[in-house]
Amino acid sequence: MPTDPPAACLADLAERARAVLPADVWDYVEGGSGAEVTLRANRAALDRVAVLPRMLRGVHTPDLRVELLGRPSALPVAVAPMAYQRLVHPDGEWALATAARDAGVPYVASTLASTAVEQVAATGAEVWFQLYWLRDRGLVVDLLDRVGAAGCRALVVTVDVPLLGRRLRDLRNAFRLPAGVTAANLRGGRGDLAHGGAPGVTPVATASAFAPALRWSDLDWLRGRTDLPLVVKGVLDPRDAVEAVGVGADAVVVSNHGGRQLDGAPASAAVLPEVVAGVGDRCEVLLDSGVRSGTDVLRALALGASGVLLGRPLLWGLAAGGRAGAGRALSILADELRDALTLAGCADPAAARNLRTMRTD
C-alpha cells in the first residue's frame, strides 16, 4: 500500500492536518478574528523582511543552541501556549510536550489546556506556564501554587485577552468544544465553563471567567507572588514593553495572539524592531504570530528577537501524527533554521541578530 512521503515543510503538515480534522475544528485552529486582516498581515509582514546574508564567514555547521530566560534551549524556539490540544489529537498536550522535550525546547502550557499542568510537567519537558488572569483571584493563586509545585520554569502572563476577539468562523460554525475536552487546569468543577453558553457565542466559554480590567498594578502584584521568570505576552506598543520592564518582566512577547484578538492590530513582525529598541538590553524579546519556517526564525532574529514562539504548525503536526507528527514539525524547523543560518553566514543565532534587513514591497 503506498504511503505519503515524509513532510518536507510545515505547509505539508498543514495539508495533512486539514485532511484529518473536522471542518469546524480546522476553522477553530486556523481562524482569526473579524475579517482576519491581522491574521493575513502576520504572514505578509514576515514575507516582506529580506535578510542580507554575509559571505565568506567560514560557517559550516551552525550551533543552534541558545539560552532563553537563562536556561538552555536547543533552538531559539518555544512552543506557544495553545488551548485544548486534545481537540486535534487524543494525546493532546502530553504528546506535544513530549515532542518539545525530545527536541530540547521549552513548552508553554496554557491555562486552558485540556491536560492538567501536573501531567504536562511529568513529561520532563522544560515547561513554562501561561496564565490567563481570572476574575476569581483565588483561582489565580491556586494556579500559581500548582505551577510552582509542578516545577514549571517560567510564568507567561497573557495580557491581550480582556475578552475574546469575535471569531466569525466559529460563530458561523456554531462551534462547541466536545464533551471530552475541558479546561483541565480549572479546579473545583470550573472546567465545565468550557461548555457553557449558546453554540457559536464563543468557542471558549471560559472567557467569561477572564478579568477584563487588568492593570499594570496587577502584574506588580504577580511579580511579588512568584520568583519564576516573568514573561509578558501580547505586547505590540513599545510603551507597553517599557511598562512591562518596569514591573519586573524578564521577557516580553511581541504578539497579536495569532490574529485572533484585535483585528486591525499590526503584524507582530512589523513592530518588533521598535519594541527591541524600546527595551534595549533590559529584557528578552520574543516574537509570536505568523512564524511558519526556519527562515522566519532567522528573520525574527535579524529583527532583534531572542527567539520565537511557534504555534499553529505544531498543532498541524500533532493532528497529522500525534507525538511523532509534532516531533517532525520541530525537526523540520531545526533543519530549515540550520540551512538558513548557514546560507546567511551565521555560526549561531546570536550572529543572526547582527544581520541587516530590508523591507521589500
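I need the shape label for region 236-303. Rule: rounded when a/c is under 1.5, else prolate if a/b > b/c, else oblate, with a, b, c from the alpha carbon gyration tensor. Oblate. Neighbour counts of C-beta atoms inside 10 Å place 55, 358 in the sequence 55, 358, starting with the fewest. Each Cα pair under 8 Å and six or more residues apart adds its separation to the average, and for the chain the resulting relative contact order is 27 percent. Couplings 3J(HN,Hα) of region 339-349, computed from phi: 5, 4, 5, 4, 5, 8, x, 10, 6, 6, x Hz, in residue order, whole Hz [Karplus 6.51 cos²θ - 1.76 cosθ + 1.60, θ = phi - 60°; x for Gly and Pro]. Couplings 3J(HN,Hα) for region 216-223, derived from phi with the Karplus relation 6.51 cos²θ - 1.76 cosθ + 1.60 (θ = phi - 60°), are 4, 5, 5, 5, 4, 4, 5, 4 Hz, where x marks Gly and Pro. The alpha carbons of the chain stretch over 61, 60, 40 Å along the principal axes, in descending order. Each residue of region 42-54 was assigned a 3J(HN,Hα) from its phi angle through the Karplus expression (A = 6.51, B = -1.76, C = 1.60, θ = phi - 60°), giving 4, 5, 4, 5, 5, 5, 7, 8, 9, 9, 8, x, 9 Hz with x at Gly and Pro.
Counted over the chain, the DSSP beta bridges are approximately 20% antiparallel. Rounded to two decimals, the Cα-based Rg/Rh of region 208-266, with Kirkwood Rh, is 0.98. Backbone amide hydrogens, once placed in the peptide plane, bring residue 75 within less than 5 Å of 66, excluding anything fewer than 5 places away on its chain.
The helix-based estimate of mean residue ellipticity at 222 nm for the chain, built from -39,500 (n - 2.57) per DSSP H run of four or more residues and divided by its residue count, is -12000 deg cm²/dmol to the nearest 500.
Taken about its Cα centre, the chain carries a charge dipole of about 240 debye when Lys and Arg each add +1 at the Cβ and Asp and Glu each add -1 at the Cβ. Centre-to-centre, using Cα atoms only, region 340-355 and region 35-62 are separated by 12 Å.
Max-minus-min Cα coordinates of region 244-361 on each principal axis give 42, 37, 34 Å, with the largest extent listed first.
We did not get these values from a lab; they are worked out from the coordinates using the rules stated. Keep in mind that this is a model prediction, so the values were computed, not measured. Note that each Cβ is placed from the backbone with ideal geometry, even for glycine, and that neighbours are counted across all protein chains shown.
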